[in-house]
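What follows is a single structure, written as structure tokens, with notes after it.
Read-outs throughout are calculated quantities, based only on the coordinates presented, and are distinct from any laboratory measurement. Computed from a predicted model, the values in this text were never measured in an experiment. Here the Cβ positions follow ideal geometry from the backbone for every residue, glycine too, while neighbour counts run over all protein chains shown.
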Amino acid sequence: MRALPDLRRRAGGDPRLRTEDGALKVVDLCSGDGGFSRYALETGHQVFRFDDNPRFANVPRTFQKDVWDFDADTFADADVLLASPPCQWATVPSIGAHWTGGYRAYQPKDAETIRLWALAQHCLEIVRDSKIPIAVMEQLEGLSGKLLTERPTGKVWLCQYGDTRAKPTLLWGRFPEGFEFKKCHNGNPDHASAPRGSKTPGSTQGMKGSARRADMYFLGRYLFQCLEGPKP
Ligand SMILES: [Zn+2]
């Protein structure tokens, strides 16, 4: 195993980090194909992924466990908590498929919408209530900013972190020192154009949840680079 950076020292002695040897304990909820925590795993941190979808059984470090059964106390000593609950219940192009009741009434149409809405809310409560110092939940921009009990901490555009698409994303939680919520704007050539509602292959809105989690690699990488601090 390669030598790890002393993150506590390099992060300016950030007292929130409990690592002693540089390896952070990282929990990734609704981890899918593991994109959000992939950089952490590749750089030698201790990653625990939770996703009960059997499609992801072979993703390294994945425990096939329902997030409702996740016991935050067992991981109270973790340094970083990541959460990517499925967000197709809340994306703008699918509002009509999942919601009814007229203008801004937001009545869920079916049990699956209710299930995913509750799951996102539950992840938000884990992020909010856990004692894990760095804790971040993400959702593709959409109704989750309105229909969860807390407003997002901020919004980022994933193109600003290395993605080829814009992907405005809402974030909740507690962030590393120096973390910047980077913005972009429609039409900027740094990201490919993907008209709202298009279902072209490869566009986030046409993707299933796993691809969405793959997209989170870039933000995950940035988050851990913030913790690593400037290169010596
Ligand atoms: Zn952009």
Mind checking the full-extension length gain between Thr100 and Asn186? Use 0.36 nm per residue of separation minus the Cα-Cα distance, one decimal, nm. 28.1 nm
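Using the Cβ atoms and a cut-off under 10 Å, what net charge is assigned to the surroundings of Glu150, where Lys and Arg are +1 and Asp and Glu are -1?
Working: positive: Arg128, Arg151; negative: Glu125.
Result for the local shell: +1.
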Quick one: if you stick a label point 7 Å off each Cα along the C-beta vector at Cys226 and Arg61, how many nm between them? 1.9 nm
Which of Gly96, Thr43, Asn58 sits closest to the plus end of the dipole of the range 17-105, meaning its Cα is farthest towards the positive end, when Lys and Arg get +1 and Asp and Glu get -1 on the C-beta? Gly96
Hey, rough spin-label estimate for Asp52 and Lys131, points 7 angstrom out along Cα→Cβ, what's it come to in nanometres? 2.7 nm
